[in-house]
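The structure appears below as structure tokens.
The values are calculated or read from the model by the stated rules, or taken from the named source; none is laboratory data. Remember, it's a predicted structure, so these values are computed and weren't measured experimentally. Cβ sites come from the backbone with ideal geometry, for glycine too, and all protein chains shown count toward neighbours.
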Protein chains: 2
Amino acid sequence: MAAAPGGDFLAACRRQPVERTPVWFMRQAGRSLPEYRALRGSGSILDAIADPAIAAEVTMQPVRRYGVDAAILFSDIVVPVHAIGFGVDVVPGRGPVVAEPFTSSADLARLRDLDPEADLSHVIETVHRVLAELGPTPLIGFAGAPFTVASYLIEGGPSREFTKVKALMRADEGLWHQLMDRLVALSTTFLAAQINAGASAIQLFDSWAGSLSPKEYERFALPATKAIFEAVDGFGVPKILFGVGTGELLSQMATSGADVVGVDWRVPLDEARRRVGEGVALQGNLDPAVLFAPPSVIEEETLAVLDAAGIAPGHIFNLGHGVLPTTDPDRLAQVVDLVHTHGRAGV
Amino acid sequence: MAAAPGGDFLAACRRQPVERTPVWFMRQAGRSLPEYRALRGSGSILDAIADPAIAAEVTMQPVRRYGVDAAILFSDIVVPVHAIGFGVDVVPGRGPVVAEPFTSSADLARLRDLDPEADLSHVIETVHRVLAELGPTPLIGFAGAPFTVASYLIEGGPSREFTKVKALMRADEGLWHQLMDRLVALSTTFLAAQINAGASAIQLFDSWAGSLSPKEYERFALPATKAIFEAVDGFGVPKILFGVGTGELLSQMATSGADVVGVDWRVPLDEARRRVGEGVALQGNLDPAVLFAPPSVIEEETLAVLDAAGIAPGHIFNLGHGVLPTTDPDRLAQVVDLVHTHGRAGV
């Protein structure tokens, strides 16, 4: 059967049959690519994101190189809070850093709404530039889920333990939900702008949700994710929800309104399928570290992922987390070829 | 019923009825205690471990302060490889760092056997000093599981992605298992020395096993853990196996020969019980970050852990990971009181 325009990726998101299993990689546009390093140099990622010529070019680089089935907008989960002047920088090798972290209700006033025209014109122009070159390949829009964005605002930077964010959510649940409401508004406006400009799917990054127990996730994180998905549901584009170490949360994530749930390498896809049921597609789940093993092992593990995904519709091949900066691009090219050759042909 | 000497902790390890649920905390001897900071200052932890007077005093501090049901030897998982001169240091705020990481079969020769008398006399003296003061409270011996120790030797320091260790295990499985055999020998000798000196239980720290998929764990990590437990089984002391983010591995960990399996806060204990079956006890699983929440929340969450553990024998209360350095000791004292008051009285 002939692929629809933009075909297999969007079909898989909707659990429809595909010609071949679609594949893309989180952080496919990034430091693993020599052409990215040549273009970006050592400047701030937020400056690069703010320059549509650079951001569009960087978004296109992995599509040209690998022939992946989707592009993802070159962006960062802190772009909206940066745009409204919360005082965020992204430090190379470290991650987002906040000069004055969120500590009390007074800080809510620092989280005004986004004005798409004033605050996001560069994002919209980037999307337009990407679409002009992309052809039928779909573009995935990008936003951070409120819990994960809040973790940076409250901790002041990357964290392993999340003590401050957990302390705040437990000490003042009312304030926590007010903060979540502000971040729901920001991510919703950010995603809507990308969809209006032409993105044909979205991914919400709740990268650190796996630090929460299932009970905490249900009470403190999931409601905000649901609110965003509900707010953008009318656009009719597939919605992907991603996290790491979320094995215990998969069944709850499947109730979020997401069409696709991301799975890291810790949970085999057949087991993930049992946890999420038949209502959502799955995205994943090759261990990014496997790309540092010999090609024969990469092949074995890639085929094992396809095997665990099975032949039922609804699998988008990806890594379980983002491409690591020292990854050899040839190994990613190998994975794309394997998935396109062996992934569910002719179903 | 009257508690046996050393009573409730050892009974719970053996899934026997207890008077009250026993409780201790991983890293209870550490920077969270002002008396620890006063004694230790800023010197290397390896120097402190090598000094029986300091190591014994530090081991005793939390027992005196909290009345916990077990002491754990003040040690580190790199003590054996440090003792044989592999070239390891522990950098404050960072962790173990290896000057010349393990990269090839030539490095196997750097991993000679431990000679208990020559290499571990300070450890044995520390155990003797602790026992002289400890009374009936049991002392838990301490060792690193081979996978986690290997991760430091190969990565050269703490890691988030474990790319080098995973690359080595996949590129040269024969070498990997030779390395595991060396580390099995080291941890076995280290534990046997502690048990011979008087430790009445042991805990094997496989802190980073949760970075592995179930298939990888089965093939690359579990066999070495089994070998250690088998080697020390004849001593008849309870054996605890600990890891973080191991929700997907719990059923395999229960086959290791461990009497007790540690569980972090991501998996409720009733669900953990379903995964491990009735053959082992469970240890855990309060989120260390909860100790930064208000006392009312700490109480709620402590009671929730006890509730999920249920009334069947075989629960040792602990945190899901080590005490964080900035934890208020009064909050840990609160938890001990709650567990001793509410934990399974009179069963």
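May I ask you to verify whether B:Val323 is touching a residue at least 40 places away in the same chain (Cβ under 8 Å), more than 22 Å from B:Ile77 (Cα to Cα) and not aromatic (Phe, Trp, Tyr)?
So B:Val323 does not fit the description; no.
Candidates A:Thr188, A:Thr225: the one that is β-branched (Val, Ile, Thr) and buried (at least 24 other Cβ atoms within 10 Å of the Cβ) is A:Thr225.
May I ask you to list the residues in segment A:36-53 that are of a type in the set (A, V, I, L, M, F, W, C) and either within 17 Å of A:Phe142 (Cα to Cα) or buried (at least 20 other Cβ atoms within 10 Å of the Cβ) (or both)?
A:Ile45, A:Leu46, A:Ala48, A:Ile49, A:Ala50
When we screen B:Val323, B:Val305 for residues that are more than 9 Å from every other protein chain (Cβ to nearest Cβ), in a helix (DSSP H, G or I) and closer than 30 Å to B:Pro34 by Cβ, the only hit is B:Val305.
Listed here are the residues, each with its yes/no results for (1) modelled with pLDDT of 95 or more; (2) under 18 Å from A:Pro325 (Cβ atoms); (3) out of contact with any Asp or Glu (no Cβ under 9 Å at 6 or more places or on another chain).
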residue: A:Ala50; (1), (2), (3): yes, no, yes
residue: A:Ala71; (1), (2), (3): yes, no, yes
residue: A:Ala83; (1), (2), (3): yes, no, no
residue: A:Phe86; (1), (2), (3): yes, no, no
residue: A:Val90; (1), (2), (3): no, yes, no
residue: A:Ala99; (1), (2), (3): yes, no, no
residue: A:Phe102; (1), (2), (3): yes, no, yes
residue: A:Ala106; (1), (2), (3): yes, no, yes
residue: A:Thr126; (1), (2), (3): yes, no, no
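Only one entry of B:Pro101, B:Pro116, B:Pro136 meets the criterion of being closer than 26 Å to B:Leu319 by Cβ and over 19 Å from the mean Cα position of the chain (by Cα), and that entry is B:Pro136.
If the condition is being within 19 Å of A:Ala197 (Cβ to Cβ) and in a loop (DSSP other than H, G, I, E, B), then segment A:69-83 contributes A:Ala70, A:Leu73, A:Phe74, A:Ser75, A:Asp76, A:Ile77. Screening A:Val339 with (1) buried (at least 24 other Cβ atoms within 10 Å of the Cβ); (2) free of Cβ contacts under 8 Å to residues at least 60 places away in the same chain gives one miss only, at (2). Selection over segment A:195-210 of residues that are touching a Gly at 6+ places or on another chain (Cβ under 7 Å), within 14 Å of chain B (Cβ to nearest Cβ) and hydrophobic (A, V, I, L, M, F, W, C) gives a count of 1. Picking from A:Leu241, A:Leu250, which residue would you name as being over 17 Å from A:Asp181 (Cα atoms) and touching a residue at least 60 places away in the same chain (Cβ under 8 Å)? Step by step, each of A:Leu241, A:Leu250 is checked, and only A:Leu241 is over 17 Å from A:Asp181 (Cα atoms) and touching a residue at least 60 places away in the same chain (Cβ under 8 Å). For A:Ala12, the criteria (1) crowded, with 23+ Cβ neighbours inside 10 Å; (2) touching a helix residue (DSSP H, G or I) at 6+ places or on another chain (Cβ under 8 Å); (3) of a type in the set (A, V, I, L, M) hold in every case but one, which is (2).
Table: residues versus (1) at pLDDT below 95; (2) closer than 18 Å to A:Gln283 by Cβ; (3) of a type outside the set (Asp, Glu); (4) surrounded by 18 or more Cβ atoms within 10 Å (Cβ to Cβ).
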position	(1), (2), (3), (4)
A:Ala4	yes, no, yes, no
A:Gly7	yes, yes, yes, yes
A:Met26	no, yes, yes, yes
A:Pro34	no, no, yes, no
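Flag: B:Arg65 does not match the condition of being farther than 19 Å from B:Gly135 by Cα and out of contact with any Phe, Trp or Tyr (no Cβ under 8 Å at 6 or more places or on another chain).
Within segment A:149-161, identify whether any single residue is closer than 24 Å to A:Gln283 by Cβ and surrounded by fewer than 18 Cβ atoms within 10 Å (Cβ to Cβ), and answer yes or no. Taking every residue of segment A:149-161 in turn, at least one turns out to be closer than 24 Å to A:Gln283 by Cβ and surrounded by fewer than 18 Cβ atoms within 10 Å (Cβ to Cβ).
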